[in-house]
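Asker: Questions regarding the structure given below will be posed in turn.
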Amino acid sequence: MAIAVGAFLNAIGILIGALFGLLLRKPLSLRTQVFFRSTLGAATVFFGLRLVWLNVNGTFLSCLKQLFIVLLAVTLGNLAGKLLHLQKISNRAGRYAALLIGNAQKNRAQNSADGLNACAILFCAAPLGIIGAVADGLSGFFWLLAVKAVMDGLAMASFVKMLRWPAALSAFPVFLVFGVITFACQFYAKSFFDPHGLTSSINAAAGFIACAVALVIFEVRKVELANYLPALAIAPLLAWLLK
């Protein structure tokens with residue numbers, strides 16, 4: 001897992017956030033929270049667009065064709081996600097995590113494991129983490145997971161006050177899950193897609209989905225992010241069919 005830079009950063013961010021939360025006597029002020037939200041939203045857009053920029057190249061017409069393929073993949077991916085009810089599955093996972101958090105708060109002495117499990121579910125099910133791990137595995141672009149590391153660290157600073165220090169151990173399943181995704185993309189998916197020139201389409205789709213994450217951070221609109229994940233599989237298929 002030494003190659004999983006993004007997964008490592010995500011885990012470290014959670015641990016640092018937990019330490020910060022235990023040492024911090026007062027919660028962050030509203031002004032500070034707004035600053036972090038704005039900064040993280042801007043960083044998500046920047047690195048999402050940068051990922052697109054790095055993977056869309058060639059002549060002007062070639063770039064237009066690649067952008068068309070990726071945007072079509074994102075649109076079809078959203079339709080596929082709705083058919084597969086991916087967002088509903090994600091919502092159920094979120095409700096289960098909320099239930100575990102409630103149980104942990106009611107009986108802290110016996111249910112510390114509930115807090116750990118709840119945080120692990122919330123952090124591992126995040127669409128930004130999945131697309132970040134894929135981008136890291138396919139091209140070494142770990143910046144999306146680096147942004148998520150800061151997000152999760154800030155969230156953990158609050159969770160650790162409610163759920164106590166065992167919640168910080170969720171950093172380990174986060175590293176494991178995203179490390180496995182990164183490893184699989186690096187050693188299996190990349191070797192299949194690279195020879196056919198299809199890797200860039202996946203990365204570009206991931207970049208556009210990351211930009212959609214920023215809409216949620218800025219509270220511009222509610223976006224069903226999980227439904228867009230099939231675009232990562234549809235993008236290379238379209239790129240191959242429309243060569």
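Each value in this text was obtained by applying a stated rule to the coordinates, not by laboratory testing. All figures in this text were calculated on a predicted structure; none of them were measured in a lab. Cβ atoms come from the backbone with ideal geometry, glycine included; neighbour counts cover every protein chain shown.
Asker: May I ask for the distance between the Cα centers of region 179-243 and region 2-73, given as a whole number of Å?
Answerer: 14 Å
Asker: Which entry in (1) 18.4, 63; (2) 16.8, 47; (3) 19.4, 60 matches Rg and Dmax of the Cα atoms in Å derived from the coordinates of this structure?
Answerer: (1)
Asker: Separate question: Could you pull out every one of the lysines with an alpha carbon less than 21 Å from that of K222, ignoring same-chain neighbours closer than 8 positions?
Answerer: K82, K88, K148
Asker: Now for a separate question. Obtain the nm distance between the two label points defined at V34 and V220 by a simple spin-label model: each point lies 7 Å from its Cα along the Cα-to-C-beta direction.
Answerer: A separation of 1.9 nm, rounded to one decimal place.
Asker: Here is a follow-up. So what's the back-of-envelope 222 nm ellipticity for the chain, counting only DSSP H runs of four-plus at -39500 (n - 2.57) apiece and dividing by all residues, rounded to 500?
Answerer: The per-residue figure over the chain is -25500 deg cm²/dmol.
Asker: Tell me, what is the FRET efficiency for M162 and A184 to the nearest 0.05, using R0 = 30 angstrom and their Cβ-Cβ distance as r?
Answerer: 0.35
Asker: Starting from 0.36 nm per residue, how many nanometres of slack lie between R50 and N91 once their C-alpha separation is accounted for?
Answerer: 11.8 nm
Asker: Compute the acute angle (0 to 90°) between the alpha-carbon long axis of helix 86-106 and the principal axis of greatest extent of the alpha-carbon atoms of the chain; round to the nearest 10°.
Answerer: Between the helix axis and the principal axis of the chain, the angle is about 10 degrees.
Asker: Cα gyration tensor of region 116-196, axes a ≥ b ≥ c as square roots of the eigenvalues: rounded (a/c below 1.5), prolate (a/b > b/c) or oblate?
Answerer: It comes out prolate by the Cα gyration axes.
Asker: I'd like the orientation of helix 199-217 relative to the chain: the angle between its Cα long axis and the longest Cα principal axis, in ° from 0 to 90, rounded to 10.
Answerer: 40 degrees
Asker: Another question, if that's okay. Relative to the first principal axis of the alpha-carbon coordinates of the chain, what is the inclination of helix 30-55, with its axis defined by its Cα atoms, in degrees from 0 to 90 and to the nearest 10?
Answerer: 20 degrees
Asker: Could you tell me the calculated FRET efficiency between F60 and H196, based on Cβ-Cβ distance and R0 = 35 angstrom, to the nearest 0.05?
Answerer: Taking R0 as 35 Å, the efficiency between F60 and H196 is 0.90.
Asker: Starting from the Cα gyration tensor of region 83-155, take the square roots of the eigenvalues, sort them a ≥ b ≥ c, and report rounded, prolate or oblate (rounded when a/c is under 1.5, otherwise prolate if a/b is larger than b/c, else oblate).
Answerer: oblate
Asker: Return the single residue from Q66, Q33, Q87 with maximal mean-square fluctuation; model: Gaussian network over the chain, springs between Cα atoms under 10 Å.
Answerer: Answer for the Gaussian network model of the chain: Q33.
Asker: Here's another thing I want to ask about it. Give me the percent relative contact order of the chain, please, defined on Cα pairs under 8 angstrom at least 6 residues apart.
Answerer: 40 percent
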